[in-house]
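The values are calculated or read from the model by the stated rules, or taken from the named source; none is laboratory data. Predicted model, so just to flag it, every value in this text is computed and none were measured. Please note: Cβ atoms are built from the backbone with ideal geometry, for glycine as well, and neighbour counts cover all protein chains shown.
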Amino acid sequence: MDIAHFVFGIFGNAFGLFLFLAPIITFKRIIVKKSTEKFSGVPYIMTLLNCLLSSWYGLPFVSPHNILVTIINGTGAVIEIIYVFIFILYAPKKEKLKISGLFAFVITVFSAVVFISLFALHGNSRKVFCGFAAAIFSIIMYGSPLSIMRLVIKTKSVEFMPFFLSLFVFLCGTSWFIYGVLGRDPFIAVPNGVGSALGTLQLILYLIYRGNKGKNGKTTTEEESMEMGTAKPMGGEELKGDTPKDTC
């Protein structure tokens, strides 16, 4: 059981790293064009908060035997902070203020969780408090592709849902779900079970509509772009399929 638990944790680290690195193409474009165009910085902020809370939950004095959770989410937090700073650097003034405010909110929430768990809670109550906080934001993050799935059904095209990103959402969620089940940890198993299920649905949609990939690319409306959570209200050109969907 311990060996299997460790192995699935390693798998989760590997697949999670692929997901964290997926937006590199997006940020390469932002740097080259010196503009965030129609991209939204909110998904990176939410992913950062999830990574911070999950990495804290995995620490030995909060949740024993979950150090692999801390390793991947600590790595993810560093990557997401880099994304957020790049986004703020090249965003318009209004967007800079918005993302900077959300970043301050994330730091405040994380600091509050750390402070309460360190000084007000001990033992199992500390684990439960931190576990609930991490699980809630993990579920929120895993649920972010729902708008993209709705768009796929609406347009009957998988243009905005890359296969490999959906595949790694499924693999990452499944690995951490099994890891949580083997470790009898519902705070890891439940949110990642949701992620695994959503990843499965994305792959099913891909199989159904894969023949229509790119078919509707020229007729995608501004409203449909907004539904994906990657567009801002004004101006610019949309880059397809580089929004971060998941993190473990």
Considering the stretch 145-179, residues that are closer than 20 Å to TYR209 by Cβ and within 13 Å of the chain's Cα centre (by Cα), and then whichever is modelled with the highest pLDDT, we arrive at PHE170
All positions within the stretch 88-122 that are within 19 Å of LYS38 (Cα to Cα), surrounded by 17 or more Cβ atoms within 10 Å (Cβ to Cβ) and touching a Lys or Arg at 6+ places or on another chain (Cβ under 9 Å): ILE88, TYR90, ALA91, GLU95
Out of curiosity, is GLY101 closer than 30 Å to LEU182 by Cα and small (Gly, Ala, Ser)? no
Given (1) within 28 Å of ASN13 (Cβ to Cβ); (2) charged (D, E, K, R); (3) surrounded by fewer than 14 Cβ atoms within 10 Å (Cβ to Cβ), identify the lone condition not met by GLU80. (3)
Please verify whether PHE119 is modelled with pLDDT of 95 or more and over 20 Å from the mean Cα position of the chain (by Cα), treating the condition exactly as stated. no
Here is a list of conditions, (1) at pLDDT below 80; (2) within 22 Å of VAL128 (Cα to Cα); (3) of a type in the set (Asp, Glu), and ASP185 meets all of them except one; can you say which number that is? (1)
If I go through the stretch 169-188 residue by residue, how many of them are out of contact with any Asp or Glu (no Cβ under 9 Å at 6 or more places or on another chain), among the aliphatic types (A, V, I, L, M) and buried (at least 19 other Cβ atoms within 10 Å of the Cβ)? 3
Would you tally the residues in the stretch 2-21 being surrounded by fewer than 22 Cβ atoms within 10 Å (Cβ to Cβ) and touching a helix residue (DSSP H, G or I) at 6+ places or on another chain (Cβ under 6 Å)? 6
Out of the residues in the stretch 22-42 meeting the condition of being crowded, with 20+ Cβ neighbours inside 10 Å and in a helix (DSSP H, G or I), tell me which one is modelled with the lowest pLDDT. THR26
